[in-house]
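Read the structure below first, then the notes.
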Amino acid sequence: MCLTLKHDQNFKPLVSVITPAYNSELYISETIKSVQAQTYVNWEMIIVDDNSKDNTVDIVKKYMQNDNRIRLIELKRNKGAGNARNVAMGHANGRFLAFLDSDDIWLPEKLEKQLKFMQEKDVAFSFTKYVRMKENGELTKNISKAPETITY
């Protein structure tokens, strides 16, 4: 038996948002809210707390009470963001993975635009430019531009 997958414009694949967190109480709410504000709504957010010493876990749990798309994994020992990302990927259910650090935010159409681009161009990996912002949330003029193409 042969199974063929057709590209259906109405099909909305699940995106797993991978967020490592360590002592992120000052920023994690805004990070979560930026994911909740996405125009693309078929996502799960996996936050891996890397043994924070602040209130990061309590803040995340409050958001989990009202949004079952948010999941929390608490690590017993701090092993760094790379390890936290790997742990999250092991628990991801999505067709696509999206990485979002706990002190970053997304514009509301980020996932929708990036997925559309990836599906139209039939690419498995993509990344975008980003704008740096100050600790108070003010955007700077410092834009990190993504190259048109890259090679390994």
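Could you tell me whether the range 134-142 includes any residue that is assigned to a loop (DSSP other than H, G, I, E, B), under 29 Å from residue 56 (Cα atoms) and among the polar types (S, T, N, Q)? So far as the range 134-142 goes, yes, one or more of its residues are assigned to a loop (DSSP other than H, G, I, E, B), under 29 Å from residue 56 (Cα atoms) and among the polar types (S, T, N, Q). Going by what's in this entry, would residue 115 be described as open to solvent by 70 Å² or more (accessible area, probe 1.4 Å) and within 17 Å of residue 38 (Cα to Cα)? Taking the combined requirement at face value, the residue does not satisfy it. Summed over the range 21-53, the residues that are surrounded by 14 or more Cβ atoms within 10 Å (Cβ to Cβ) and more than 24 Å from residue 112 (Cβ to Cβ) give a count of 11. Taking the listed residues 98, 88, the one that is under 23 Å from residue 14 (Cβ atoms), part of a strand (DSSP E or B), of a type in the set (A, V, I, L, M, F, W, C) and open to solvent by less than 30 Å² (accessible area, probe 1.4 Å) is 98, with no other qualifying.
When you scan the range 54-76, do you find a residue that is in a strand (DSSP E or B) and touching a Leu at 6+ places or on another chain (Cβ under 6 Å), even just one? Within the range 54-76 (the criterion being in a strand (DSSP E or B) and touching a Leu at 6+ places or on another chain (Cβ under 6 Å)), the answer is no, since none of the residues qualifies. Going by the conditions given, is residue 123 open to solvent by less than 90 Å² (accessible area, probe 1.4 Å), at pLDDT 80 or above and farther than 19 Å from residue 45 by Cβ? Here the answer is yes, as residue 123 does meet what is asked. For the range 1-12, does any single residue satisfy the condition of being on the phi < 0 side of the Ramachandran plot, surrounded by fewer than 18 Cβ atoms within 10 Å (Cβ to Cβ), modelled with pLDDT of 95 or more and part of a loop (DSSP other than H, G, I, E, B)? No, that holds for no residue. Residue count for the range 54-85, restricted to those that are surrounded by 13 or more Cβ atoms within 10 Å (Cβ to Cβ), out of contact with any strand residue (DSSP E or B) (no Cβ under 6 Å at 6 or more places or on another chain) and closer than 14 Å to residue 18 by Cα: 1.
The values are calculated or read from the model by the stated rules, or taken from the named source; none is laboratory data. All values reported here derive from a predicted model rather than from experimental measurement. Note that each Cβ is placed from the backbone with ideal geometry, even for glycine, and that neighbours are counted across all protein chains shown. Heads up: the accessible areas ignore ligands, DNA and RNA and are worked out on the full protein's heavy atoms, side chains in. Shrake-Rupley method; radii C 1.70, N 1.55, O 1.52, S 1.80 Å.
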